Amino acid sequence: MRSRMMLLTMGLLMVTACSRSRETASFAPAEDALYVTREGAITSAVIVTYENEYYTEEELKASVEEALADFNGSEGHGGSDEASSREAAAFNSCSLAGGTASLYIDFKNPAAYLKFMEAYPDEESSIQVKELDVTPVPDGITKGYLTGQTFKTASSSPKEVDASEVMKKSKLYVAAIEGPALIQTEGPIEYVSSEVTVLGSTLVQTPETGMVYVIFK
């Protein structure tokens, strides 16, 4: 809990305004979750309940500045304004109220998210993603994501769909995920792997094991 609270409070110290960006305004989960866009950008939500403050502002600020500098520096970014606009990880927004702290971090792509979680693992989180990719369906076919898979429609009365039918949907996008996570997509979900639990029109829960696929508009 202490490590998670430090991460959250780091966000509170570093973000000058805690308003949500317009792009992710509808992303407000009650638990840890990931938001994925068609372009492959990732927003991570860390949600923690708290009772006490564990760190001083000076300690937290020093830890944050060091962690961000180390991580974004390892991604090859310098200190210029142009470079900072392409940072691998950046704080999106935060809130702290009623015993619940929420922190949203933006990642420029799935690789940046995976590298960040490797550098700063959160073993208490319900999200334990090992692999993550977001790409148009045609590129997903090239990468071998869809061949031989079993899909179902993302509806209240799901029907099994052959992979060949999904592969025809060239204007859709595929999120490939290995590991448990609550995932919200930018567009409506059309198909999912048979092991994925559909929770809403843009919301799914992925299983503990195995690579699974979420096809969305």
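The values are calculated or read from the model by the stated rules, or taken from the named source; none is laboratory data. As the structure is a computational prediction, the values presented were derived from the model and not from experiment. Note that we place each Cβ from the backbone using ideal geometry, even for glycine, and neighbour counts take in every protein chain shown.
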Selection status of V192, over 23 Å from F107 (Cβ atoms) and not hydroxyl-bearing (S, T, Y): no
Qualifying positions in the range 179-207 - surrounded by fewer than 19 Cβ atoms within 10 Å (Cβ to Cβ), touching a residue at least 40 places away in the same chain (Cβ under 8 Å) and under 19 Å from V46 (Cα atoms): G179, P180
Selection from the range 150-160 of residues that are touching a strand residue (DSSP E or B) at 6+ places or on another chain (Cβ under 6 Å) and farther than 10 Å from V192 by Cβ: K159, E160
Index of the failed condition, V166 passing every other in (1) more than 20 Å from the chain's Cα centre (by Cα); (2) outside the structural domain of V212 (by TED's automatic domain parsing): (2)
Condition check for Q149: within 25 Å of Y104 (Cβ to Cβ) and among the polar types (S, T, N, Q): no
Among residues of the range 195-217, those that are touching an Asp or Glu at 6+ places or on another chain (Cβ under 7 Å) and in a strand (DSSP E or B), counted: 4
